[in-house]
1. Report the residue count in the range 109-127 for those that are within 17 Å of Cys58 (Cα to Cα) and open to solvent by 30 Å² or more (accessible area, probe 1.4 Å).
2. Identify all residues within the range 67-98 that are in contact (Cβ under 8 Å) with a residue 12 or more places away in the chain, among the hydrophobic types (A, V, I, L, M, F, W, C) and open to solvent by 50 Å² or more (accessible area, probe 1.4 Å); write none if there are none.
3. Which one of these does Tyr246 not meet: (1) within 19 Å of Leu213 (Cα to Cα); (2) modelled with pLDDT of 85 or more; (3) in contact with a helix residue (DSSP H, G or I) (Cβ under 6 Å, 6 or more places away or on another chain); (4) open to solvent by less than 10 Å² (accessible area, probe 1.4 Å)?
4. Test Arg130 against the stated conditions and say whether it is open to solvent by 10 Å² or more (accessible area, probe 1.4 Å), among the basic types (Lys, Arg), assigned to a helix (DSSP H, G or I) and modelled with pLDDT of 90 or more.
5. For the condition open to solvent by 20 Å² or more (accessible area, probe 1.4 Å) and acidic (Asp, Glu), what is the one hit in Asp217, Asp191?
6. crowded, with 17+ Cβ neighbours inside 10 Å, of a type in the set (Ser, Thr, Tyr) and on the phi < 0 side of the Ramachandran plot: does that describe Thr174?
7. Pairs only if they're at least six apart or on different chains, beta carbon under 7 angstrom, first in the range 202-216 and at positive phi, second open to solvent by less than 10 Å² (accessible area, probe 1.4 Å) and of a type in the set (A, V, I, L, M); list them, first residue then second.
Amino acid sequence: AVWYRSARITERVFLPPNACSPYRRAVQRTFDDLGTPLSEVTFCVVDLETTGGSAERCAITEVGAIKVRGGECLGTFQTLVNPGMPIPPEIIVLTGITQAMVMPAPRIEPVLAAFDEFSAGTVIVGHNVRFDLGFLAAARRASGWAAMSNPWVDTCALARRLVRDEVPNCRLSTLASRFRLDHQPSHRALDDALATADLLHLLLERAAAFGVLGLDDLLALPRINAHPQAAKLRLTDRLPRRPGVYLFRDAGGRPLYVGKATNLRQRVRSYFSSDDRRKIGQLLRETQQIDHIPCTGTLDAAVLELRLIHRLQPRFNRQGKQWGKYSYVKLTLNERFPRLAVARTARADGAHYVGPLPSASAAKRVIEAIETVMPLRRCTAAPGRCDRAAPCAPAQLGVATCPCSGAISEADYGVIVDRTLRGLTRDPEVLLTPLREQMASLADAARFEEAADVRDRAEALGGALRRQRHVEGLRDAGSMVVERPGMFRAEVRNGVLMRCWPIDADPPLAGLDAIESPPDAPELGAPLRADLIDEIGCIARWLDAEADRVRVVHCDEGLASALPRIPPLVPRSPNRNHGFDRAR
């Protein structure tokens, strides 16, 4: 029999072996908001008795559990289980559970179904809870059931962090005796679960000194308190559980690191537990203050982070500080015989610019891809002023033209320039198709290293053109207002975020402009500015990621493009981020 005991009712439910329980298909509720205050979290404290220590070779003989919330007992669960195997004598001596006691008890399948119903929507708690969860997981696998999805807390791990210096060891019996808990363990499932529940409440009181006020704080505490900088957790007490930007500062108030988060408190506290990046230890040692700026959503948080990194140049930030090194590929249409060149800045000089690109080497790679297909001149001297007696070396090799030698007329050269410009704007296949054909030809000839080099050049060109279209499409859309229904609205002008405000604000609140003034919107048709490419790319990526959850309220020119898609040549790894593909 399975017993449910609560403050109001006691109900006895008979579950014979092989019974088909309606609870078998019970669906576990999930915790969407792990920041739930601990007083509102329902804990299911569980303990098992088994025939041995191996979850694969042994079986469960008893299940006991107590459900508590806010210090109040909501109900208990207790049943013996027929293990389907003999109970070893030493286990009988330890627990007092005999073979005669478990013979009439139900098998594990109906017990699991009833326990699912009892523990649905709770946080599982146990002392050395991995042992109990291991047996439950093995029983569920054997029954063909999915694994449990409940979060779990180990009171043994919490005790090691919070009271280890007060007790000789962290066994449940030792802790119950030293702290004079109301219930004492007896190697019976329900008694041990009741003692563990008393221990949980004691440890929650101790954990409050570490700022543990929500469920997410409690789940992270066993790792956090072992951190050498755990004493600085007090700096996170004021952090809210909402989107925003955080700033680590040193003793002089200088910014060390700027980051963004959808949950400020959870993200910052993770630096003391799960974040093992190489420089995090040094960052936390120097941190003496943590400031935060709440935002309305993830969009303005990402943009504000970029603007603060650009302005403050924090020492520990790596991404977002390199925009001063960005470069362009320049087609010098303002010359008689245009050529390709790397430019650090884009000017309104009549030339065509591709970029900005992450570095001068990236720009050179794109130029190499174009010149592999188009025989543009490569000499830097202006035509008519070249003092060479013979054509330049690339022209002699047949991979470029040399207008100075008179080998090509201005009209014929103009055809090459027009095809190049067409490939950089309207029809990228003019450039990419010959590169693919050359790559396939080299691969067929078993010249794989050369084929790989052509492939990398083609992908550099295709990636640059994809990014160019992406950000230019957003910039050329003009002024638009987008809405994340039920959350916030944002105004974007020529690709720059002007403001962001909660959906229920009337009149609209001044969003980003009250914290960090937006830069001047870029001019339509002008080359993309290096100081804005990160922000425009960030907004474009956000719109792509949230496309199925965002509503466009207003847009001057529209966001659709009539140009064909540029497919990648290299399969993209889900963990691969390069250049402007990074969020910051």
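The values are calculated or read from the model by the stated rules, or taken from the named source; none is laboratory data. These numbers were taken from a predicted model, which means no experiment stands behind them. Note: ideal-geometry Cβ built from the backbone for every residue, glycine included; neighbour counts use all protein chains shown. Accessible surface areas use protein heavy atoms only, side chains included; no ligands, DNA or RNA. Shrake-Rupley method; radii C 1.70, N 1.55, O 1.52, S 1.80 Å.
1. Narrowing the range 109-127 to residues within 17 Å of Cys58 (Cα to Cα): 109, 111-112.
From what's left, open to solvent by 30 Å² or more (accessible area, probe 1.4 Å): 109.
Number satisfying all stated conditions: 1.
2. Cys73, Leu74, Met85, Leu94
3. Checking Tyr246 against (1) within 19 Å of Leu213 (Cα to Cα); (2) modelled with pLDDT of 85 or more; (3) in contact with a helix residue (DSSP H, G or I) (Cβ under 6 Å, 6 or more places away or on another chain); (4) open to solvent by less than 10 Å² (accessible area, probe 1.4 Å), the one that fails is (1).
4. Working: open to solvent by 10 Å² or more (accessible area, probe 1.4 Å): yes; among the basic types (Lys, Arg): yes; assigned to a helix (DSSP H, G or I): yes; modelled with pLDDT of 90 or more: yes.
Considered against the rule, which asks whether it is open to solvent by 10 Å² or more (accessible area, probe 1.4 Å), among the basic types (Lys, Arg), assigned to a helix (DSSP H, G or I) and modelled with pLDDT of 90 or more, Arg130 comes out as yes.
5. Details: Asp217 fails: open to solvent by 20 Å² or more (accessible area, probe 1.4 Å).
Result: Asp191 is the single residue among Asp217, Asp191 that is open to solvent by 20 Å² or more (accessible area, probe 1.4 Å) and acidic (Asp, Glu).
6. Values: crowded, with 17+ Cβ neighbours inside 10 Å: no; of a type in the set (Ser, Thr, Tyr): yes; on the phi < 0 side of the Ramachandran plot: yes.
Here the answer is no, as Thr174 does not meet what is asked.
7. If the second residue must be open to solvent by less than 10 Å² (accessible area, probe 1.4 Å) and of a type in the set (A, V, I, L, M), the pairs left are Gly211/Leu233.
Every residue, every condition in (1) closer than 30 Å to Ile309 by Cβ; (2) modelled with pLDDT under 85, yes or no:
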site: Trp542; (1), (2): yes, no
site: Asp548; (1), (2): yes, no
site: Pro571; (1), (2): no, yes
site: Arg584; (1), (2): yes, yes
